[in-house]
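Report on one structure; see the data block that follows.
The values are calculated or read from the model by the stated rules, or taken from the named source; none is laboratory data. Since the model is a prediction, treat every value here as computed from it, not as a measurement. In this analysis, Cβ positions are derived from the backbone assuming ideal geometry, glycine residues included, and neighbour counts consider all displayed protein chains. Protein only, heavy atoms only, side chains kept; ligands, DNA and RNA dropped before computing areas. Shrake-Rupley method; radii C 1.70, N 1.55, O 1.52, S 1.80 Å.
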Amino acid sequence: RTFFLPRITSLFKSWRYTIATTMLSKSLTQFAVHHAPSRALSKKRSETTNTRKVKLFTAAALSPPSNDSSPRRAKGSSSGTSKKVSKNALKKQGKWQKGRANYRSSGSTGGSKAGFEIQTKLTQSNSLDELFEVVREFVDQFDAINASTALHRIASKGTREFEKKLRKFDKNNGDSWMSTARAGRRMSHDGVNRHPYEQIIRNSDFDNLMQAVEDNLGNMDVFGLANVAWSLATLKVFEKNDWGNVEGGKDERGTEMLDTIASNFAKCVTIQGGANVRPQAFSNLIWAYGNVKYKISDDDGVLSRIYSQCETSWVENADAWKPQEMANLLVGVAHGDNATDRWSFYEKLQNCAVHNLKLYPIGAPKADMRFAFSSRDISNFLWGLSKSLKSQRFNAQSIDPELISLMLNRLVADNFGGSQSALNISMTVWALANCKCQVPTTFMNALNREIPRMAKRLSTSQLDAIAWSIGEARQTLKYDNDAIDTIAEAIADKRDSMYNESDPELVAKTFWALSRRGRIPADGSIIDKLVRKVETCADDLERADKLLVLHAWGVLRISPGEKIVNKLVRTFLDEDEDEELEPDECAKLLCAYGRINHRPSSSSDTGSDFEAHLENLAKTLADSAEASRLNPGTLALGLWGCALLKLDLDEDVLDALARDAIRQTEALRPNAFAKCIWALSTLAYDPTQEDLAKLIQKAQATILSPSDVNDASQSTRDEVEIALKKLGAGSFA
């Protein structure tokens with residue numbers, strides 16, 4: 001007994017130590033296999049800085065989010081070594097369910113030894129060829145994590161390799177490099193419209209991978225689902241084959257898969273809780289749906305649940321949100337038409353952004369640059385926020401003034417992003433004009449200084465955005481004359497290119513912007529160049545743009561010449577009955593013709609057609625006046641145009657317009673009322689004594705009585721007095 005007991009005890013201790021050592025070694029090995037590739041990968045990767053697309057305007061500025069981490073393994077996944085049941089085996093057993101959790105019954109959600117080994121091979125593959133080799137050999141064994149990782153890495157490496165080839169091609173051919181986003185709309189080198197990633201996604205290996213992804217959607221966590229959505233959007237997988245002719249089209253399979261991803265994400269994020277989900281998952285998912293311009297259905301509350309958890313994350317996990325993630329999420333919301341009418345969504349997001357801006361103030365040491373707003377983040381954020389708010393009819397006060405001040409001051413401090421100032425400024429001013437936001441004086445001063453310096457770098461879409469902001473935001477964006485003239489000159493000197501699809505519209509928009517500011521550039525050659533552009537592209541101008549140009553010429557008192565005016569007017573002379581002009585269009589045309597003094601001789605064929613055209617315009621206005629459908633501004637403009645042209649109106653037409661002017665006397669603004677009085681006297685209208693008394697009373701209460709609110713000039717007062725006397729009024733002494 002005394003002999004064996006010590007030996008038995010020693011053997012037991014030795015046996016227990018051996019088992020413990022073996023188990024610890026095995027656990028450490030599995031831990032290293034699972035985590036080491038992810039860390040190695042994150043060291044190799046750098047944040048992507050793809051150029052953004054802007055079309056406004058279409059506005060358009062969409063840049064893929066950075067992907068600085070590989071897909072995470074699902075929580076609760078087994079670390080055992082049980083063999084995974086193959087898809088074919090499950091199908092034979094009648095247990096396979098498309099897009100469902102097919103492996104949960106076997107106790108494995110992607111944590112098998114085979115899955116770990118495949119994951120290692122995927123994360124250690126350094127090229128597309130290596131990745132597809134792994135797919136080719138192991139796709140039938142892919143679990144949820146393998147499938148999402150393979151697709152994610154193919155998308156990341158594929159787009160980078162494509163951009164390198166594109167840079168090399170453009171360099172060899174003397175063209176400036178374009179971003180992948182814009183390359184999607186360009187022709188291939190042989191002149192045929194093709195998918196930009198045709199060589200990546202049009203092959204059997206990718207088809208097999210897509211099937212594996214689709215079959216494993218039910219087993220993916222929120223990060224895996226988000227990465228799949230990001231990859232599909234980045235590679236434009238579901239765009240239709242006729243790439244050059246269809247924008248944003250999805251095939252039936254794509255629609256079904258996108259709906260499944262969104263639905264599964266909503267379920268997972270609700271169970272996990274928004275505060276426990278990495279912000280990048282929210283950002284990648286919403287950005288992806290914006291990239292493919294796909295509206296997430298909210299029939300079952302899918303979008304509402306996702307946004308609800310976003311709000312939770314912004315409140316409880318604000319420090320974890322990077323500016324780029326906030327910005328890309330908003331851009332995705334705007335592009336995908338996924339804006340919500342829930343005010344709390346925008347309020348909490350803005351609070352999160354303000355929190356970040358205060359946490360990382362200007363000039364403070366930045367331990368981690370990813371958490372400090374850059375100029376690019378600010379322009380994307382404001383663009384997405386403004387577009388989303390406006391689509392839900394929120395007003396300008398919807399954007400926090402403190403947020404605007406902090407962001408714009410940071411833009412100035414960052415010199416608008418340096419070499420990227422053209423893109424950042426164009427997106428920012430479009431956003432500010434869209435929501436009529438008040439801006440700090442320091443921002444406008446810096447902006448007016450920067451525009452002349454960067455004018456030559458502005459693209460067509462960027463010029464379009466700035467020109468629109470000049471015309472739209474007269475009260476909030478105080479552009480100086482030099483800045484306005486610089487933009488007009490840049491547009492006048494802009495040469496046509498194969499991508500310059502909006503040039504005719506841009507020229508029309510430029511004249512509109514100048515007319516809204518009442519500005520004729522100091523250099524007369526700028527207007528001459530713009531007029532020649534109109535003449536060149538007249539046939540390509542839409543009817544609304546032709547009207548816009550004519551009206552702007554009238555406001556600016558530009559006389560471009562009878563030839564070019566006739567070229568534009570021809571559209572309205574040939575107007576079909578089913579495309580009858582609206583009353584406000586009639587008023588603008590009458591006023592434009594009168595201001596530029598365009599009225600061909602009635603003895604010519606063109607002149608007789610034009611006279612009939614003028615009569616129809618006046619008749620349309622009179623019919624609307626009879627039905628009390630004319631707003632005061634349209635009425636004043638139409639009457640003034642008739643008077644400028646000295647039209648000999650039919651008695652019934654003149655009486656209808658005059659009676660409506662008298663009826664709306666109280667609604668007319670002082671300047672509009674002055675135009676009506678002058679027009680009625682010029683057209684020789686004979687009012688009743690009662691009507692004349694109303695006109696005199698209104699004139700004495702407004703135009704003829706100087707006050708702080710009455711800014712009528714002395715010459716306007718004199719003209720009104722003369723007009724009233726012509727109508728039969730006595731002395732005003």
Failed item in (1) under 12 Å from Leu411 (Cα atoms); (2) modelled with pLDDT of 95 or more, with Ile362 passing the rest = (2)
Take segment 464-483 and flag every residue that is of a type outside the set (S, T, N, Q) and either surrounded by fewer than 24 Cβ atoms within 10 Å (Cβ to Cβ) or without any contact (Cβ under 8 Å) to a residue 24 or more places away in the chain (or both).
-> Trp468, Gly471, Glu472, Ala473, Arg474, Leu477, Lys478, Tyr479, Asp480, Asp482, Ala483
Within segment 584-623, the residues that are within 16 Å of Lys646 (Cβ to Cβ) and of a type in the set (Asp, Glu) are Glu611, Glu615
Considering every residue within segment 444-458, establish whether at least one is surrounded by 18 or more Cβ atoms within 10 Å (Cβ to Cβ) and touching a Leu at 6+ places or on another chain (Cβ under 6 Å).
-> no
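Residue-wise test of (1) closer than 21 Å to Ser559 by Cβ; (2) within 25 Å of the chain's Cα centre (by Cα); (3) of a type in the set (D, E, K, R).
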position	(1), (2), (3)
Trp468	no, yes, no
Arg474	no, yes, yes
Tyr479	no, yes, no
Ala483	no, yes, no
Ala508	yes, yes, no
Phe511	yes, yes, no
Ser515	yes, no, no
Ala522	yes, no, no
Going through (1) touching a Lys or Arg at 6+ places or on another chain (Cβ under 8 Å); (2) in a helix (DSSP H, G or I); (3) of a type in the set (D, E, K, R) one by one, Arg474 fails only at (2)
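Against the condition touching a helix residue (DSSP H, G or I) at 6+ places or on another chain (Cβ under 6 Å), under 20 Å from Glu505 (Cα atoms) and at pLDDT 95 or above, how does Ala446 come out, does it pass?
On the way: touching a helix residue (DSSP H, G or I) at 6+ places or on another chain (Cβ under 6 Å): yes; under 20 Å from Glu505 (Cα atoms): no; at pLDDT 95 or above: yes.
For Ala446, the condition - touching a helix residue (DSSP H, G or I) at 6+ places or on another chain (Cβ under 6 Å), under 20 Å from Glu505 (Cα atoms) and at pLDDT 95 or above - is not met.
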Looking at segment 388-399, is at least one residue open to solvent by less than 50 Å² (accessible area, probe 1.4 Å) and not in a helix (DSSP H, G or I)?
-> yes
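Quick check on Arg543: is it open to solvent by 30 Å² or more (accessible area, probe 1.4 Å) and free of Cβ contacts under 8 Å to residues at least 12 places away in the same chain? Spell out how you get there, then give the answer.
Working: open to solvent by 30 Å² or more (accessible area, probe 1.4 Å): yes; free of Cβ contacts under 8 Å to residues at least 12 places away in the same chain: no.
Taking the combined requirement at face value, the residue does not satisfy it.
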Pick from segment 367-380, criterion loosely packed, with under 12 Cβ neighbours inside 10 Å and assigned to a loop (DSSP other than H, G, I, E, B), ranking: farthest from the chain's Cα centre (by Cα) | Ala367
In segment 618-644, residue farthest from Gly554 (Cα to Cα) [restricted to those that are touching a residue at least 24 places away in the same chain (Cβ under 8 Å), of a type in the set (Gly, Ala, Ser) and open to solvent by 30 Å² or more (accessible area, probe 1.4 Å)] = Ser628
Only one of Trp512, Trp553 is of a type outside the set (Val, Ile, Thr), at pLDDT 95 or above and either open to solvent by 20 Å² or more (accessible area, probe 1.4 Å) or outside any helix (DSSP H, G or I) (or both); which?
-> Trp512
Residues within segment 116-143 that are touching a residue at least 40 places away in the same chain (Cβ under 8 Å), of a type in the set (A, V, I, L, M, F, W, C), within 16 Å of Asp207 (Cα to Cα) and in a helix (DSSP H, G or I), tallied = 4
Residues Ser176, Ser148, Ser125: which one is at pLDDT below 80 and out of contact with any strand residue (DSSP E or B) (no Cβ under 6 Å at 6 or more places or on another chain)?
-> Ser176
Condition check for Thr486: open to solvent by 20 Å² or more (accessible area, probe 1.4 Å) and either free of Cβ contacts under 8 Å to residues at least 24 places away in the same chain or farther than 22 Å from Trp383 by Cβ (or both) = yes
Considering only segment 273-324, how many residues are of a type in the set (A, V, I, L, M) and open to solvent by 40 Å² or more (accessible area, probe 1.4 Å)?
-> 1
Would you call Ile527 outside any helix (DSSP H, G or I) and open to solvent by 10 Å² or more (accessible area, probe 1.4 Å)?
-> no
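Which of the following residues is among the small types (Gly, Ala, Ser) and under 46 Å from the mean Cα position of the chain (by Cα): Ala679, Ala693, Ala684?
Of Ala679, Ala693, Ala684, the one residue that is among the small types (Gly, Ala, Ser) and under 46 Å from the mean Cα position of the chain (by Cα) is Ala679.
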Within segment 202-233, count every residue that is of a type in the set (S, T, N, Q) and outside any helix (DSSP H, G or I).
-> 2
Quick check, is Asn710 touching a Ser or Thr at 6+ places or on another chain (Cβ under 8 Å) and modelled with pLDDT under 85?
-> yes
Among helices (runs of 4 or more DSSP H) lying entirely in segment 645-707, which contain 3 or more residues that are over 25 Å from Glu615 (Cα atoms) and open to solvent by 20 Å² or more (accessible area, probe 1.4 Å)?
-> 689-701
Scan Ala334, Ala339, Ala364, Ala413 and give me the residue that is open to solvent by 50 Å² or more (accessible area, probe 1.4 Å) and of a type in the set (A, V, I, L, M, F, W, C).
-> Ala413
